[in-house]
Amino acid sequence: MTPSEPWSPPSWLTYHEHRHQTASTNSDALEWLRCSAVVPSTPALFTCDLQTAGRGRLDRRWVDQEGNLAFTLVVQDGHWSRACRDCLALLPPVVTLEACQLYVSRFEQRSVASSMSIKWPNDVCLEQRKVSGVLVERLAKHPDLVAIGVGINVSRSPSLEDREVGCLAEAVSLSKAEQLERWSFLSDWLALWWHHADSPGALPGWLEAFRRHDLLQGKLVSLRWNGRLVEGRSIGVSDSGDLRLLVDGVVEEFRGGEVERVRIDE
């Protein structure tokens with residue numbers, strides 16, 4: 001099946017599966033991996049017109065709506081350096097932010113593009129409202145393959161009680177918002193991924209880009225870690241992608257998969 005709007009996947013993809021409606025593109029990708037007796041050929045892409053049961057970190061629900069975009073890219077990272085693999089979770093939000101900036105800049109909204117940021121560990125924000133989230137998953141069966149799920153609010157902002165969300169359409173004028181086309185955004189995202197992931201010695205660039213757009217840098221932050229409420233001032237991310245907080249004069253580091261409810265307290 002092909003997307004509802006005309007779209008041609010890039011030639012470097014080895015597999016593309018599209019569904020009109022699916023529960024979760026990450027679940028589709030993981031099921032594909034489970035059913036593969038041998039290591040499947042990658043990169044592989046899973047797309048849909050509408051996702052009905054999307055997932056975020058810690059099994060939180062991701063709400064998709066018509067006109068928005070959800071997809072999963074499966075790549076092999078076994079040949080990457082250990083440092084790159086440790087920081088892999090930083091790359092999808094960097095690529096997503098750059099794709100968002102490129103997209104809205106086409107509508108002459110460069111000032112809006114500059115107001116976009118990354119909220120550690122993996123949210124892309126427009127004026128501190130979440131427009132995108134990322135979920136990175138692996139299967140023990142194929143440890144050198146990683147499924148990178150991305151959700152983008154292109155045309156609509158879902159209504160959520162516990163957080164502020166936005167969409168790219170809010171960044172452009174009403175007349176131009178009708179021109180927003182999610183599949184061209186996906187083409188931008190994939191081209192940027194290929195540029196970053198295929199670049200020798202790419203890790204310094206990932207870290208520099210993440211740090212340049214780090215929403216939490218220098219701010220008072222609270223989070224939950226192992227049932228404990230932690231409050232401190234962010235001093236950025238470490239070279240391995242951990243959040244560094246100054247807590248009562250002591251620097252503590254936190255992994256993205258171990259924390260809940262990261263909030264700005266100022």
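Computed from the coordinates by the stated procedures, all read-outs in this text should not be read as laboratory data. Treat the numbers as computed from the prediction; the structure is a model and nothing was measured. A quick note on method: Cβ atoms are made from the backbone with ideal geometry, for glycine too, and the neighbour counts reach across all protein chains shown.
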Per the C-alpha gyration tensor (a ≥ b ≥ c, the square roots of its eigenvalues), region 112-266 is rounded if a/c is under 1.5, else prolate if a/b beats b/c, else oblate; here it's oblate
Run a plain Debye calculation on the chain (Cα atoms as equal point scatterers, no solvent) and give log10 I(q)/I(0) at q = 0.13 Å⁻¹, rounded to two decimals, same order as the q list. -0.85
Sum of side-chain charges, ALA44 neighbourhood, beta-carbon under 11 Å (Lys, Arg +1; Asp, Glu -1): -2
Loop-resident sites, region 190-247, for trypsin sites (Lys or Arg not before Pro), counting at most 14 other Cβ within 10 Å (DSSP): LYS219
By how many nm would the segment from GLN76 to HIS20 lengthen if fully extended, with 0.36 nm per residue of separation less the alpha-carbon distance? 17.5 nm
So which residue, out of GLY166, GLY249, GLY54, gets the largest mean-square fluctuation from a GNM of the chain using Cα contacts under 10 Å as springs? GLY249
Check which residues have an amide H placed less than 5 Å from ALA23's amide H, if you skip close sequence neighbours. THR52
Between the alpha carbon centres of region 78-109 and region 9-58 the gap in Å comes to 19
Report the rotationally averaged projected area of region 66-147 based on its alpha-carbon convex hull, in square nanometres. 6.6
Mind putting together the pair-distance distribution for region 1-157? All Cα pairs, 5 Å bins, whole percent per bin, short to long. 2, 9, 17, 21, 21, 16, 9, 3, 1, 0
Check each of the trypsin sites (Lys or Arg not before Pro) in region 8-63 and keep only those in coil by DSSP with at most 16 other C-beta atoms within 10 angstrom; list them in order. ARG60
Kindly point out which whole DSSP H helices in the chain project their C-alpha atoms 20 angstrom or further along the helix axis while averaging a Kyte-Doolittle hydropathy of 0.5 or above. 91-105
Could you tell me the calculated FRET efficiency between ALA191 and THR52, based on Cβ-Cβ distance and R0 = 35 angstrom, to the nearest 0.05? 0.80
Would you calculate the convex hull of the Cα atoms in region 198-266 and tell me its volume per residue in Å³? 94
